[in-house]
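Here the structure comes first, spelled out in structure tokens, and everything after it is commentary.
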Amino acid sequence: MQKLITAVVSFTLSGLALAATPVDTAHAKKKAPVKQAVKPVAAKLNTHIAKAAPLVAAAPVVAMAAADPKQQDIIADLVHTGRMVCELGNFVTVTPDPESSTRFIVQMKKNTYRMSPVETTTGAVRLEDAQAGAMWLQLQNKSMLMNSKLGQRMADECQSPNQMAVAEAMRLAPPPSLLDAPTFAKK
């Protein structure tokens, strides 16, 4: 087994050494290829292995609130409000902020967030509290509360009555999968 490991390491290192040598195309035909002896490197293996640098967590991406007040009004009209039941017995309450018509107060357990609408390219409704690092993402059939600083979901599968109806309709008549074969019109 040790001979096999030594052979694989030797082969890999010799391949790396050959790949690292520059090729001079003008003199490539004139020079004869030089064969190099492959030496076992098992004894020196630990000294030649570079240690991997520790992974550094990237800073969370924080989207900017929609600057256009008209766009914020449009997004705010799409937000489902009220108490929404989530998975694992959790619930989230979304209420309009009395101080601003485009802001919302999102509560889960002891956490309270003041969120503003953010434009998305996918059509999903997104509310964010940039200071707290919280995000409310509302799809057609479910919503979720996320901690964008930690990259974790705090509540998932939250549904308003409208979202429950959409989820039931999707269960009964699922939308076509992107992986399904395309259907062509018959002539």
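Ranked by the mean number of other Cβ atoms within 10 Å per residue, highest first, peptides 72-78, 100-106 order as 100-106, 72-78.
Accessible surface comparison of 93, 81, probe 1.4 Å, protein chains only, largest first: the order is 81, 93. Between residue 90 and residue 171, the modelled labels are 2.1 nm apart [label points 7 Å from Cα along Cα→Cβ]. Restricted to Cα atoms, the stretch 84-187 shows a radius of gyration and a Dmax of 16.6, 61 angstrom. In whole angstrom, note down how far apart the Cα centers of the stretch 69-108 and the stretch 164-187 are. A separation of 29 Å, based on Cα centres.
The values are calculated or read from the model by the stated rules, or taken from the named source; none is laboratory data. Since this is a predicted model, take the numbers as computed values, not measurements. Note that each Cβ is placed from the backbone with ideal geometry, even for glycine, and that neighbours are counted across all protein chains shown. Surface accessibility is based on the protein's heavy atoms, side chains included, excluding ligands, DNA and RNA. Shrake-Rupley method; radii C 1.70, N 1.55, O 1.52, S 1.80 Å.
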